[in-house]
Amino acid sequence: MGREIMQRSTFLIAGVMTALFITGCTPQKMGYQPSSTIETSRLRSTVDIKDDQFEKSVLFIGPEETLGAGVLSEFNTYFIRSWVDKGTLVATHQVYVNDYGSGWKFWNSAKDENSNIMEFVSISSHVGSCRYGCSYFESFGASIDDKTLRSKRETGYRIKFSAKNGAEKVVHITPRQVIAQLEAIDARFPPQKVKEEAAQPKVKSDKQNQRQNKTLKQK
C-alpha cells in the first residue's frame, strides 16, 4: 500500500509542479485546485481478491473513494478491506484510510455515527518527496464486525477519525462500497456454506457430550 502511494505522489507532484511552471502559477493551496480527471484515473473501482496459499485468510480489498476535491485528493482515499478465515469462514472488516498533508497529524481514535467508540488501527506513516516541501502520509483504520457491515447495505456507514493535533476527518463508506465488498465475499464464500461450517463445531460438541454422558451412565 505504502509503495503504491509513494509512486502516485512522485508522479502527481511532478505533474502538478510542471503545470504550475508552465502557467506561471504559484504552488499555494494546490490541494484545493478545481477537480481534475487525474483524481480518479488510478483509483481502484472493483474488489481485488488475494488468496495466498501461505496465508490463513483470503483478503478482499474494496473500491476506493476520495475525500474532498482537488488534484491531490487521490492521496486522501478510503476503502474497505476484509479477511475471511479459510478454516472458520469468519469474516472481519476494516475501513482503511490514507491521509496526505503538509505535517504529521497523529491520527489515534475513531467513532461511528452512533457515537460508538471503534477499535482504531494505526497502519503506517512515511514522509514523501521533500523537493518542494515535505509531504506526509498516514494510513490508519477502524475495525468493523461482519454483522454491522451487513446492516449498512442501504445507508452506508459514517465514521469520524480524530488526531492528536486536533484534526478530524469524517469518512462515509458508501452503500456501493458495502454492497461490492459483501457481494465479492459471498460469491467466494456462499452464506449457506458459512452457516453450515459454523454449525459443525456445535454438532460435534453435542456428540461428544452424548458420548461423555453415556460413559458416565455406564460407570
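Odds and ends about this structure:
- Contact map, segment 163-185: first residue more than 17 Å from Gln94 (Cβ to Cβ), second residue among the polar types (S, T, N, Q), Cβ cut-off under 8 Å, separation 6 or more or different chains; pairs are Ala163/Asn108; Lys164/Asn108; Glu168/Ser162; Pro175/Thr155.
- The set of residues in segment 136-185 that are of a type outside the set (Ser, Thr, Tyr), open to solvent by 10 Å² or more (accessible area, probe 1.4 Å) and part of a helix (DSSP H, G or I) comprises Asp146, Lys147, Arg150, Pro175, Arg176, Ile179, Ala180, Glu183, Ala184.
- Only one of the numbered conditions (1) at pLDDT below 95; (2) out of contact with any Pro (no Cβ under 9 Å at 6 or more places or on another chain); (3) not basic (Lys, Arg) is not met by Tyr132, and that is (2).
- For segment 119-163, residues that are in contact with a Lys or Arg (Cβ under 7 Å, 6 or more places away or on another chain) and farther than 14 Å from Tyr78 by Cβ total 1.
- The set of residues in segment 115-128 being assigned to a loop (DSSP other than H, G, I, E, B) and either modelled with pLDDT of 95 or more or touching a Pro at 6+ places or on another chain (Cβ under 7 Å) (or both) consists of Ser115, Asn116, Met118, Glu119.
- Extreme residue, nearest to Thr174 (Cα to Cα), among residues of segment 74-109 that are open to solvent by less than 10 Å² (accessible area, probe 1.4 Å) and charged (D, E, K, R): Glu74
The values are calculated or read from the model by the stated rules, or taken from the named source; none is laboratory data. It should be emphasised that the depicted structure is a prediction, and the values quoted were computed from it without experimental measurement. FYI the Cβ positions are ideal-geometry reconstructions off the backbone, even for glycines, and counts take in every protein chain you see. Note: accessible area is taken over every heavy atom of the protein model, side chains too, but ligands, DNA and RNA are not part of it. Shrake-Rupley method; radii C 1.70, N 1.55, O 1.52, S 1.80 Å.
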